[in-house]
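Asker: Right, I'll just put the structure down here and ask away after.
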Amino acid sequence: MFRTRVPRRLPAALAVAGLALAAAACGGQSSGSGGAQATATAAQLDAKADLSKQRITVTVWDGYTPKELPERAKAELGVQEVKITLHDTNEKAMAKLTAPGDHGIDVAFVSGQYAQALAEQGMLEPIHPELIPNLANLYPEATQLSYDKGNKFSVPYTWGTTGICYRKDLLKSPPQSWNDLLNPPAEADKKVTMMTTERWLALPALKALGLSVNTDKDEDIAKVKELLLKAKPHLLGYDDLTFGEKLKSGEAVMVEAWDGWCPTTEKNIGWVVPKEGSDLWVDTMVIMKSSKNKEAAHAFINYVLSPEIHSWAAENIGYKVPNKAAMDRVEIPEGSLLGISPAELLQGESIIDLGEASTKYTRLATEVAAQK
Amino acid sequence: MTSTSTRPAPPGGRPGPAGGAPAAARRSRRLAASAFLGPGLTYLLVFLLIPLALVFAHSVFRRGRFGGVVYEFTTENFTRLIDPLYLGVVVDSLKLATIATVIALLVGYPTAYAIAHLPPRWKTVALVAIVLPFLTSFIIRMFALIILMSGPGLINRLLGAELEMLYTDGAIVTGLLYAYLPLMVLPLYSAIERLDPQLREASANLGASAFTTFRRVTFPLTLPGVMTGCMFVFVPSFGNFAVPELLGGGKSLMVGNLVQTAFLRERDYPFGSALALTLIAVLLVLLVVQAKAARHG
């Protein structure tokens, strides 16, 4: 996801310096496979590699992992160093990872469709399941994600869906369909918000029309545009960040929302995934092909998948994690959407990368916003 | 935000080289001049010209697959601008900025006129009151407007009404006006203040009505102030992105929003640069017109 986080980034020089040291320290580590071969197939990794000679750099959204994770991972895994750098959006992470030159990043947290795009560019190291025994903690459903069936090059970290968050006391009947959002009842007129980010702006209209969230057909997008423009006069506004607050104050009575952002623990706030279905978004961990510390990178991911670390995300950022052992540890408050089951989530359609066609959605968003 | 505007130079007072100063004195004066100018010029050179050059350069390259810039010459960023979609946004921005400027002038002129005719002690009080909002953060002032204008907000509660105020174009104009009205009042005040009262007396003595005096004497003489004030309001309004985002609810786009989206969301630096250059070009044309008019005035 691209939730806005405080933009902060360690100077690239630090990462580069770290990498230079790492390269010097473990130059002979993967000598068996050789560089040329590694670009085509998975590197030969040694389960008994000496991790104390490896150091890893991880890029992640601010506040998305426990603060003390680097120290704890370092102590637990016996690696030389775990360094965290931050990105505030997927786009920034992609810019970092695809920039020419050596970025020195071993593990990256990006959303599923971006992991897919990186894999298509040949930039990811395939996941070596034998080095991540904690993969067994994942729900079986978590291996059936359409951007990466079988978790060949990514490991899911958090997942969720999009639905309608609404005021039970201010609506005559609970919404059931995306059409209730697009063409609201009289009591909700001008008290509805939709998201502004392209793919989620289009989602309600796509699903209401029975289309795939991943369509790139021009005639589909034209129909979506027509529907979104028809909905616009009934909206309070477009909002990605404060819709929960607007709902609490009663300024809005019905909003398009991510599950983790719908304050259902409040008395009068309800949540529904409309009957036409919705999306399934996943934030993942990937290992870069360029990493020179792949054993340590696998060990790091394995450590994140341990129940006590992975449950932190559910408890502290309010997103569900695809880890059964971790979710079993989490105390789920009354009414919390952490209780949505993996089977229910899997009914959502995964958003996948559309390549060049993604600009069609950018244009759609501009057209809808610019229309009076 | 208004750094691109130029204030008319204060009249008179330039020390001419009359009398042929000795070469040594001239040299030391030149030294002093560069010492005074140096820091400011260096600052502008580094933080204005270099980024501007980068914007120029980026605008003729291609966007990379995941953002970033591919160094391959293209003009498509500019041809994309001719699209009615983007031209429409430019026209909308011009419209909103013009409305805000005209209202600011209609409200600001009488205010400035009244302040200029207050007794000195009250003058200071009034001027401080005009500048006071500037001591508060822009974002906080915008949120104050949100609290006032929102559906369950203060105004509706006081009136017992359900007026739709927030997230409309009216709210955007209100926000722009609130943010930049002082920038209209201050140059108008200094123009009106400088006006010799005897001119108005003469006009009255020659039989002109109060309105004719205003129309034929006061207003023409304060025209440079009017121009400056209008530029000070128009320029930051035209390129604004925070006000349409916060008070417009994302339902209207201004050029500033397009630039912001291109850079921050799409990571399309080349197209964002082309948009930014368009913005700069429009404002430069206006500044030249204003400077020309001011010189004639």
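The values are calculated or read from the model by the stated rules, or taken from the named source; none is laboratory data. Treat the numbers as computed from the prediction; the structure is a model and nothing was measured. All Cβ positions, even for glycine, are placed from backbone atoms using ideal geometry, and neighbour counts span all protein chains on display.
Asker: Please give the number of the condition A:LYS172 fails out of (1) within 28 Å of A:LYS48 (Cα to Cα); (2) in contact with a helix residue (DSSP H, G or I) (Cβ under 8 Å, 6 or more places away or on another chain); (3) without any contact (Cβ under 8 Å) to a residue 24 or more places away in the chain.
Answerer: Unmet condition: (1).
Asker: Right, here's the next one. State yes or no: is A:SER311 outside any helix (DSSP H, G or I) and of a type in the set (S, T, N, Q)? Give the derivation first.
Answerer: Numbers: outside any helix (DSSP H, G or I): no; of a type in the set (S, T, N, Q): yes.
No; evaluated as a whole, the condition is false for this residue.
Asker: So in the stretch A:222-244, with the set limited to residues that are surrounded by 18 or more Cβ atoms within 10 Å (Cβ to Cβ) and away from chain B (no Cβ under 14 Å), which one is farthest from A:GLU276 (Cα to Cα)?
Answerer: A:GLY244
Asker: With respect to A:GLY260, is the statement that it is away from every other protein chain (no Cβ under 12 Å) and part of a loop (DSSP other than H, G, I, E, B) true?
Answerer: Values: away from every other protein chain (no Cβ under 12 Å): yes; part of a loop (DSSP other than H, G, I, E, B): no.
Against the criterion (away from every other protein chain (no Cβ under 12 Å) and part of a loop (DSSP other than H, G, I, E, B)), A:GLY260 does not qualify.
Asker: Suppose the filter is surrounded by 11 or more Cβ atoms within 10 Å (Cβ to Cβ), more than 24 Å from the chain's Cα centre (by Cα), in a helix (DSSP H, G or I) and within 14 Å of chain A (Cβ to nearest Cβ); does B:ARG27 pass it? First the steps, then the outcome.
Answerer: Working: surrounded by 11 or more Cβ atoms within 10 Å (Cβ to Cβ): yes; more than 24 Å from the chain's Cα centre (by Cα): yes; in a helix (DSSP H, G or I): yes; within 14 Å of chain A (Cβ to nearest Cβ): no.
No: the conditions fail for B:ARG27.
Asker: May I pose another question? Would you tally the residues in the stretch A:116-158 being of a type in the set (A, V, I, L, M), under 14 Å from A:ALA325 (Cβ atoms) and more than 17 Å from the chain's Cα centre (by Cα)?
Answerer: First pass over the stretch A:116-158, keeping only residues of a type in the set (A, V, I, L, M): A:117-119, A:123-124, A:127, A:131-132, A:135-136, A:138, A:142, A:145, A:155.
Next cut, under 14 Å from A:ALA325 (Cβ atoms) only: A:132, A:135-136, A:138, A:142.
Still in the running and more than 17 Å from the chain's Cα centre (by Cα): A:132, A:135-136.
The qualifying residues number 3.
Asker: Looking at A:PRO204, is it out of contact with any helix residue (DSSP H, G or I) (no Cβ under 9 Å at 6 or more places or on another chain) and more than 14 Å from chain B (Cβ to nearest Cβ)?
Answerer: no
Asker: Taking the residues in the stretch A:360-372 that are of a type outside the set (A, V, I, L, M, F, W, C) and more than 8 Å from every other protein chain (Cβ to nearest Cβ) as candidates, determine which candidate is farthest from the chain's Cα centre (by Cα). Give the derivation first.
Answerer: To start, the set of residues in the stretch A:360-372 that are of a type outside the set (A, V, I, L, M, F, W, C) comprises A:360-363, A:366-367, A:371-372.
Among the residues that remain, those that are also more than 8 Å from every other protein chain (Cβ to nearest Cβ) are: A:360-361, A:371.
Working: A:LYS360: 21, A:TYR361: 19, A:GLN371: 30 Å.
The selected residue is A:GLN371.
Asker: Can you tell me which residue among A:LYS294, A:LYS289, A:LYS267 is surrounded by fewer than 20 Cβ atoms within 10 Å (Cβ to Cβ), under 30 Å from A:GLY122 (Cβ atoms) and of a type in the set (Lys, Arg)?
Answerer: A:LYS289
Asker: Is there any pair linking a residue in the stretch A:127-145 that is assigned to a loop (DSSP other than H, G, I, E, B) to one that is of a type in the set (Gly, Ala, Ser), with Cβ under 8 Å and at least six apart or on different chains, and which?
Answerer: Qualifying pairs under 8 Å: A:ILE127/A:SER154; A:HIS128/A:ALA42; A:LEU145/A:GLY112; A:LEU145/A:SER350.
Asker: Here's another thing I want to ask about it. Scan the stretch A:203-223 for residues that are small (Gly, Ala, Ser), free of Cβ contacts under 8 Å to residues at least 60 places away in the same chain and under 21 Å from A:ALA257 (Cα atoms) and jot them down.
Answerer: Taking the stretch A:203-223 and keeping what is small (Gly, Ala, Ser), we get A:205, A:208, A:210, A:212, A:222.
Now restrict to residues that are free of Cβ contacts under 8 Å to residues at least 60 places away in the same chain: A:205, A:222.
A:ALA205, the sole residue that qualifies.
Asker: Name the residues in the stretch A:273-282 that are surrounded by 18 or more Cβ atoms within 10 Å (Cβ to Cβ) and farther than 21 Å from A:TYR147 by Cβ, would you?
Answerer: Answer for the stretch A:273-282, where residues must be surrounded by 18 or more Cβ atoms within 10 Å (Cβ to Cβ) and farther than 21 Å from A:TYR147 by Cβ: just A:PRO274.
Asker: Quick check: is even one residue across the stretch B:63-73 touching a Lys or Arg at 6+ places or on another chain (Cβ under 8 Å), surrounded by fewer than 15 Cβ atoms within 10 Å (Cβ to Cβ) and away from chain A (no Cβ under 12 Å)?
Answerer: yes
Asker: Could you list, in sequence order, all residues of the stretch B:69-95 that are free of Cβ contacts under 8 Å to residues at least 12 places away in the same chain and small (Gly, Ala, Ser)? Quick ask: steps written out before the conclusion?
Answerer: Residues of the stretch B:69-95 that are free of Cβ contacts under 8 Å to residues at least 12 places away in the same chain, as a first pass: B:70-72, B:79, B:82-85, B:87-88, B:91, B:95.
Across the stretch B:69-95, the qualifying residue is only B:GLY88.
Asker: If you don't mind, another one. Of B:TYR86, B:TYR43, which residue is more than 14 Å from chain A (Cβ to nearest Cβ) and assigned to a helix (DSSP H, G or I)? I'd like the intermediate steps shown before the answer.
Answerer: Details: B:TYR86 fails: more than 14 Å from chain A (Cβ to nearest Cβ).
That would be B:TYR43, the only listed residue that is more than 14 Å from chain A (Cβ to nearest Cβ) and assigned to a helix (DSSP H, G or I).
Asker: Which one is nearest to the other protein chains (Cβ to nearest Cβ), of the residues in the stretch B:148-181 that are over 23 Å from A:ALA369 (Cα atoms) and touching a Phe, Trp or Tyr at 6+ places or on another chain (Cβ under 9 Å)?
Answerer: B:ALA179
Asker: So how many residues does the stretch A:174-194 have that are farther than 18 Å from A:TYR238 by Cβ and of a type in the set (Gly, Ala, Ser)?
Answerer: 2
Asker: Further, regarding this structure: Hey, among the residues in the stretch B:126-142 that are over 18 Å from the mean Cα position of the chain (by Cα) and surrounded by 13 or more Cβ atoms within 10 Å (Cβ to Cβ), which one's nearest to B:TYR180 (Cα to Cα)?
Answerer: The residue in question is B:LEU127.
Asker: Being within 23 Å of B:SER252 (Cα to Cα), in a loop (DSSP other than H, G, I, E, B) and hydroxyl-bearing (Ser, Thr, Tyr) is the filter; apply it to the stretch A:172-201 and report the residue that is nearest to the other protein chains (Cβ to nearest Cβ).
Answerer: That would be A:THR196.
Asker: Another question about this same structure. Considering the stretch B:127-147 alone, what residues qualify as being without any contact (Cβ under 8 Å) to a residue 12 or more places away in the chain and within 13 Å of another protein chain (Cβ to nearest Cβ)? Before you say what the answer is, go through the steps one by one.
Answerer: Here is the first cut: in the stretch B:127-147, the residues without any contact (Cβ under 8 Å) to a residue 12 or more places away in the chain are B:128-129, B:132, B:135-137, B:140, B:144, B:147.
Within the stretch B:127-147, just B:ILE147 meets the criteria.
Asker: Which condition number does A:HIS103 fail, the rest of (1) away from every other protein chain (no Cβ under 14 Å); (2) of a type outside the set (Phe, Trp, Tyr); (3) buried (at least 19 other Cβ atoms within 10 Å of the Cβ); (4) over 19 Å from the mean Cα position of the chain (by Cα) being met?
Answerer: (1)
This table checks each residue for (1) under 23 Å from A:GLU198 (Cα atoms); (2) within 14 Å of chain B (Cβ to nearest Cβ).
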site: A:ALA43; (1), (2): no, no
site: A:GLU68; (1), (2): no, no
site: A:SER111; (1), (2): yes, yes
site: A:TYR114; (1), (2): yes, yes
site: A:GLU130; (1), (2): no, no
site: A:SER146; (1), (2): yes, no
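Asker: Right, something else. For the structure I just gave you, tell me whether B:LEU118 is outside any helix (DSSP H, G or I), away from every other protein chain (no Cβ under 14 Å) and either touching a residue at least 40 places away in the same chain (Cβ under 8 Å) or in contact with a helix residue (DSSP H, G or I) (Cβ under 7 Å, 6 or more places away or on another chain) (or both). Write out each step before concluding.
Answerer: Details: outside any helix (DSSP H, G or I): yes; away from every other protein chain (no Cβ under 14 Å): yes; either touching a residue at least 40 places away in the same chain (Cβ under 8 Å) or in contact with a helix residue (DSSP H, G or I) (Cβ under 7 Å, 6 or more places away or on another chain) (or both): yes.
Taking the combined requirement at face value, the residue satisfies it.
Asker: Then there's this: With the requirement that a residue be of a type in the set (Val, Ile, Thr), away from every other protein chain (no Cβ under 14 Å) and either out of contact with any Ser or Thr (no Cβ under 7 Å at 6 or more places or on another chain) or not in a helix (DSSP H, G or I) (or both), what does the stretch B:229-281 give you? It would help to see each step written out before you state the result.
Answerer: We begin by selecting, within the stretch B:229-281, every residue of a type in the set (Val, Ile, Thr); these are B:233, B:235, B:243, B:255, B:259, B:261, B:278, B:280.
Next, from what is left, pick out any that are away from every other protein chain (no Cβ under 14 Å): B:233, B:235, B:278, B:280.
Within the stretch B:229-281, B:THR278, B:ILE280 meet the criteria.
Asker: With the structure loaded, tell me whether A:LEU124 is crowded, with 23+ Cβ neighbours inside 10 Å and more than 30 Å from A:LEU247 (Cβ to Cβ) or whether it fails that test.
Answerer: Working: crowded, with 23+ Cβ neighbours inside 10 Å: yes; more than 30 Å from A:LEU247 (Cβ to Cβ): yes.
Against the criterion (crowded, with 23+ Cβ neighbours inside 10 Å and more than 30 Å from A:LEU247 (Cβ to Cβ)), A:LEU124 qualifies.
Asker: Still on this structure: Would it be correct to say that B:SER252 is over 29 Å from B:ALA293 (Cα atoms), at pLDDT 90 or above and out of contact with any Leu (no Cβ under 7 Å at 6 or more places or on another chain)? Full working, then the answer.
Answerer: Numbers: over 29 Å from B:ALA293 (Cα atoms): yes; at pLDDT 90 or above: yes; out of contact with any Leu (no Cβ under 7 Å at 6 or more places or on another chain): yes.
Yes; evaluated as a whole, the condition is true for this residue.
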